[in-house]
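First up is the structure itself, then whatever we jot down about it.
Just so you know, all these numbers are worked out from the coordinates, no wet-lab data involved. All of these numbers come straight from a predicted model, not from anything done at the bench. All Cβ positions, glycine included, derive from the backbone under ideal geometry; neighbour counts span all protein chains shown.
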Amino acid sequence: MKTQISIIGCGWLGLPLAKNLINEEYIVKGSTTSSNKLEVLISHNIQPFLVSLEESGISGNYSEFLKGSSILIINIPPGLRKNPNKNHVKEIKHLIKAAEQQSIEKVLYISSTSVFEDEAHFPIITAETPPNATSNSSKQLIDIEALLQTTPNFKTTILRFGGLIGDDRHPAKYLAGRTGVSNPKAPINLIHQSDCISIITSIVKKNHWGTVFNAAFPFHPNKSDYYISYCNQKNLAAPKFNTSEESKGKLVDSSKLVQLLNYSFKVRP
């Protein structure tokens, strides 16, 4: 009998992830908050559901979305840039309750290395490093990680990605031509979409639950060297960095993931 997986959030990462899991012979239910994307999910053999997390509860047929799945992948951004006063923790609490009601056994939570503070001495961040970031969005992610890890009715794996890039998405396009860019000496911590998908698929296939992974490509030149070089290669206007202030950053170590999953990163940033 095929394993069924529910993915909440079938956007830039979730949609190609769902397609890859289907290719690996999993049954996939996928959620979106946009009704016009339902046909896109159907076209890729993803069972489509219109589901939205809100502070007051969950809208949509979330029970059917979760029903019959043994694995839930939570892949939704907190949305705090658009709505900084939102309580995303409360939204996830509703999802945890619904997952427990539908007897979800395993949860994969897509988090971020932003749960770690940038510091002047560029600390090496391992999967065992305690999260310490203080921004509102980071603190909410930290709270959600703790909630999921301490929920007794399913096993949770936390997967913290570095900066997400893809063939159609790269921070250099945003930085191109800008002046006064901060932290020129800070190491980069980027990861390509295809590696994200491969890592998630590997966790599912190899049953690595109840743990924490960091995931960033093991290539960490400083920001100014990397982005100036990248922009020059792509014929973009190179950014100009602010060298008058001390750089702050961190270096994300993904060695636990490499060792436990026997994983080799595929796409260098």
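Worth a mention:
- Sparse-neighbour loop sites [trypsin sites (Lys or Arg not before Pro); region 1-77; at most 10 other C-beta within 10 Å; DSSP]: LYS2
- Each of SER264 and GLN233 was given a label point 7 Å from its Cα along the Cα-to-Cβ line. The distance between the two points is 2.0 nm.
- Angle between the chain longest axis and helix 14-23 axis [Cα atoms, degrees, rounded to 10]: 60
- The chain shape via C-alpha gyration tensor axes, a/c threshold 1.5: prolate
- Compared with the dominant Cα axis of the chain, that is its longest principal axis, helix 193-206 is turned about 40°.
- Rounded to 5, the percent of DSSP beta bridges in region 151-269 classed as antiparallel: 20
- Low-density loop cleavage sites - trypsin sites (Lys or Arg not before Pro) in region 192-249, where at most 14 other Cβ are within 10 Å (DSSP): LYS234
- When the C-alpha to C-alpha distance is required to be over 26 Å, the pairs from LYS206/LYS234; LYS37/LYS155; LYS19/LYS266; LYS82/LYS205; LYS139/LYS256; LYS205/LYS256 that qualify are LYS206/LYS234; LYS37/LYS155; LYS82/LYS205.
- Amide H contacts under 5 Å for ILE5, placed H, 5+ residues apart: ILE27, VAL28, LYS29
- Region 144-249, dipole about Cα centre (Lys/Arg Cβ +1, Asp/Glu Cβ -1), debye to the nearest 20: 80
- Between the residues VAL258, PHE241, ILE228, the greatest Cα displacement towards the positive end of the dipole of region 216-269, with unit charges on the Cβ of Lys, Arg, Asp and Glu, is found for VAL258.
- Antiparallel bridges, percent of DSSP beta bridges restricted to region 33-179 (to nearest 5): 30
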